[in-house]
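**Student:** Would you mind keeping the following structure in view while I ask a few things?
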Amino acid sequence: MTMYNKIHDPANGYFSPQGVPYHSVETLLVEAPDQGHETTSEAFSYYLWLEAMYGKISGDWSKFNTAWTTMEKYIIPSHNDQPTNDKYDASKPATYAGEWNDISQYPSRLDSGVSVGTDPIAGELKSAYGTSDIYGMHWLLDVDNTYGFGRCGDGTTKPAYINTYQRGPEESVFETIPQPSCDTFKFGGPNGFLDLFTGDASYAKQWKYTNAPDADARAVQAAYWALTWATEQGKQSQISTSVSNAAKMGDYLRYAMYDKYFKQPGCTSTSCAAGTGKNASNYLLSWYYAWGGATDTSAGWAWRIGSSHNHGGYQNPMAAWALSNVNALKPKGSTAVSDWSTSLTRQIQFYKWLQSAEGAIAGGATNSWEGHYAAPPSSLPKFFGMAYDWEPVYHDPPSNQWFGFQAWSMERVAEYYYATGNADAKSVLDKWVSWALSGTTVNSDGTFQIPSTLHWTGQPDASFSGTGMPSANTGLHVTIADYTDDIGVAGSYAKTLMFYAAKSGNAQAKSTAKALLDGIWKNNQDSKGVSVAETKTDYNRLDDPIYVPSGWTGKMPNGDTINSNSTFISIRSWYKNDPDWSKVQSYLNGGSAPVFHYHRFWAQTDVATALGQYGLLFPNG
């Protein structure tokens, strides 16, 4: 409750005037979002988790409902934000455009000659909910309208839907060109920002959104706990609307199970077989699903895509179990419960297939090698036809070198094991927890080190596409390159350990979870929550060039020019007015790397809910 009250203290600045949680209190922060007062679907899912636990402790469920309605209002596009979905043709979901490793290969040309499969769930979703609109979060909001895009080019509405990443796995945040999610050609060049990313004969004003499936699944996970705890209190009716909306979100989340262009698993060329019915579903939570269409309703068209890339860190068997087994969370879509039941088994198989000899979970698998259905190296093993990829989706930095993905993902497995006692989940956890504990040190003064950067060698021992569980790997290995005192990751890791300990009785997991939380509480409290010093050496990239095709020119809303001479900071000149910019400028001028004490919403919530959850699981300490 001490943490909860700090997060909700208006003086600490975690929420916008509209009640939207910022990615961080601090504005100068460049990581996945390129500014701290943007927010993500991730932050909203953590907001739900925070308020679910508040309801458990206080008996007041109004805050959980407020979190859901705020999410629905601001980061789930309204009908007016996605006005032409009724023009969507499920027999032709989208036109193919390849992804490329080299940013200079963008814009990527649309190619209608590549076969695309059919979308088997659009009809049942429309039948279930009486609308063609998608009920899912877009991943990124400019909460304060810092860029000035506004809504559909109005320049003023906030929060505003924006996007950044559009150009393949080598595009780091420092090389992105932010753009409005509704592009009316008011900003950018003659075609807005569209012709930086996609090559076409002509361009139409359009809207487009991208969903981060791990966040929507986390929202379902939070709703499960809210339902469980409210039911214990006899108050489940107070959150019935929010819970039914979580089930609805889980229904649409099935788009993340599909190959990007609804092709069948096992693609080795663009001519590989298009899917019909469910045979394009991989039953995993892929990196995204996305949808878009024309702004002009009279010349309407719309599209939907899944993603071919599947990352171990994005899976959520707890959400899959809740959506397929908990009556109040079962979606209305006619095949949704069976899909999530299949997904639950498939996700645990995926973890087992990706588990290194030491215990950590390796990257993932893709059905579209290098993003354009190239033939993967023949030596790579496959998971249900998809090639092993140690760094799925992005390469700068490699996507599975961060221990945080391990903690986040295994926490969900530990919750699933705690709720069900599933033996396969336990077998994955037994090995993972042993490995993680071997890389964890908590000193007598409460300071600690947990794994940070992971390095990978080898690959899964064999392909797998069967029933039961894959066999253990002997040729897939992980080493811990360095260590961290990151408090958010430590909070999530502590939750993994405590759920595992509560079910298995493992004393070392329980004592380490407690020691991590006690150490954070002893050493890392401040007026806004908890924090540690972070030295940001990567901010030497804030003046890096960004790729813009020769001859292309346009403008950001504030007048910053976009052309082949642009840099990260030159198209974000407003950053130079940030109160912390002088620390960065000094570094760019050759001084020492700046040090920050960041307060990320997700990290504060991971610590707060870890403290609360420990008290719930072990009321006697």
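**Student:** Ranked highest first by the average count of other Cβ atoms within 10 Å around their residues, in what order do 23-31, 439-447, 46-54 fall?
**Tutor:** The densest-packed peptide leads the list: 46-54, 23-31, 439-447.
**Student:** Roughly speaking, what is the stretch gain from Asn5 to His477, that is 0.36 nm per residue apart minus the C-alpha to C-alpha distance, in nm to one decimal?
**Tutor:** 165.6 nm
**Student:** Sort 297-304, 165-172 for me by packing, meaning the mean count of neighbouring Cβ atoms within 10 Å per residue, highest on top.
**Tutor:** By packing density, highest mean first, the sequence is 165-172, 297-304.
**Student:** Another question about this same structure. At 7 Å along Cα-to-Cβ for each site, give me the label-to-label distance between Thr467 and Lys92 in nm.
**Tutor:** With each label point 7 Å from Cα toward Cβ, the separation is 4.1 nm.
**Student:** Same structure, new question: Going out from 0 in 5 Å bins, what whole percent of all Cα-Cα distances in the range 429-529 drops into each bin?
**Tutor:** Distribution as computed: 2, 11, 19, 19, 16, 14, 9, 5, 3, 2, 0 percent.
**Student:** What helices does the chain hold that run 20 Å or longer along their axis, going by alpha-carbon atoms, with a Kyte-Doolittle average of 0.5 or more, using DSSP H for the helix calls?
**Tutor:** What comes out of the filter, once short or polar helices are dropped, is 487-504, 601-617.
**Student:** Can you tell me the Rg and the Dmax, both Å, for the Cα atoms in the chain?
**Tutor:** Values for the chain (Cα only, Rg and Dmax): 23.1, 69 Å.
**Student:** State to the nearest 20 debye the size of the charge dipole of the range 18-104 about its Cα centre, where the only charges are +1 on K and R beta carbons and -1 on D and E beta carbons.
**Tutor:** Dipole size: approximately 400 debye.
**Student:** With just the Cα atoms defining each centre, how far is the range 206-267 from the range 368-422? Give it in Å.
**Tutor:** Using only Cα atoms, the two centres lie 20 Å from each other.
**Student:** Moving on. Please give the net charge around Arg109, taking every other residue with its beta carbon less than 13 angstrom from that of Arg109, where Lys and Arg add +1 and Asp and Glu add -1.
**Tutor:** The answer is -4.
**Student:** Looking at the range 52-123 from every direction and averaging, what is the projected area of its Cα convex hull in nm²?
**Tutor:** Averaged projected hull area, Cα only: 9.1 nm².
**Student:** Once the range 1-41 is represented by equal point scatterers at the alpha-carbon sites, with solvent omitted, what log10 I(q)/I(0) does the Debye formula produce at q = 0.16, 0.29 Å⁻¹?
**Tutor:** Debye curve over Cα of the range 1-41, log10 I(q)/I(0) at q = 0.16, 0.29 Å⁻¹: -0.40, -0.98.
**Student:** Right, something else. Would you mind estimating how fast the range 7-154 diffuses translationally, via Stokes-Einstein at 10 °C and 1.306 mPa s with the Kirkwood radius over Cα pairs, in µm²/s?
**Tutor:** Once the numbers are plugged in, D ends up at 86 µm²/s.
**Student:** Return the inverse of the average 1/r over all pairs of distinct C-alpha atoms in the range 515-581, which is the Kirkwood hydrodynamic radius, in Å to one decimal.
**Tutor:** This gives a value of 15.2 Å.
**Student:** Using 0.36 nm times the number of residues separating Ser434 and Val595, minus their current alpha carbon distance, what extension gain do you get?
**Tutor:** 54.6 nm
**Student:** Straight-line reach only, C-alpha to C-alpha below 16 angstrom: list the lysines that Lys278 could link to, leaving out same-chain residues fewer than 8 apart.
**Tutor:** Filter leaves Lys92, Lys260, Lys263.
**Student:** Using only alpha carbon pairs under 8 Å that are at least six residues apart, calculate the relative contact order of the chain and give it in whole percent.
**Tutor:** 15 percent
**Student:** What is the percent of Cα-Cα separations in the range 550-612 that go past 19 Å?
**Tutor:** The answer is 57 percent, as a whole percent.
**Student:** Quick check: from the Cα gyration tensor, does the range 11-77 come out rounded (a/c under 1.5), prolate or oblate?
**Tutor:** prolate
**Student:** Now for a separate question. Where only protein heavy atoms count, and the probe is 1.4 Å, what is the accessible area per residue for the chain in Å²?
**Tutor:** 34 Å²
**Student:** What percent of all Cα-Cα pairs in the range 484-621 falls into each 5 Å bin, going from 0 up to the bin containing the maximum distance?
**Tutor:** Pairs per bin, as whole percents: 2, 9, 15, 13, 11, 11, 9, 8, 8, 7, 4, 2, 1, 0.
**Student:** Now for a different question. Quick check: the distance between the Cα centres of the range 1-54 and the range 599-621, to the nearest angstrom?
**Tutor:** With the range 1-54 and the range 599-621 each reduced to a Cα centre, they are spaced 16 Å.
**Student:** Mind checking the log10 I(q)/I(0) for the range 123-181 at q = 0.13, 0.30 Å⁻¹? Debye, one equal scatterer per Cα, no solvent, two decimals.
**Tutor:** Log10 of I(q)/I(0), two decimals: -0.49, -1.12.
**Student:** Distance check, please: which entries in Lys6/Lys576; Lys158/Lys330; Lys56/Lys495 exceed 23 angstrom between their Cα atoms?
**Tutor:** The answer is Lys6/Lys576; Lys158/Lys330.
**Student:** Let me ask something else. I need the Kirkwood Rh of the range 378-485: take the reciprocal of the average 1/r across all distinct C-alpha pairs and report it in angstrom.
**Tutor:** Across the range 378-485, the inverse of the average 1/r is 15.8 Å.
The values are calculated or read from the model by the stated rules, or taken from the named source; none is laboratory data. Note that the coordinates shown come from a computational prediction; the quantities given were computed from them, not determined experimentally. Don't worry about glycine lacking a Cβ; one is built from the backbone with ideal geometry, like all the others, and counts go over all protein chains shown. These area figures cover heavy atoms from the full protein model, side chains too; ligands, DNA and RNA do not enter into them. Shrake-Rupley method; radii C 1.70, N 1.55, O 1.52, S 1.80 Å.
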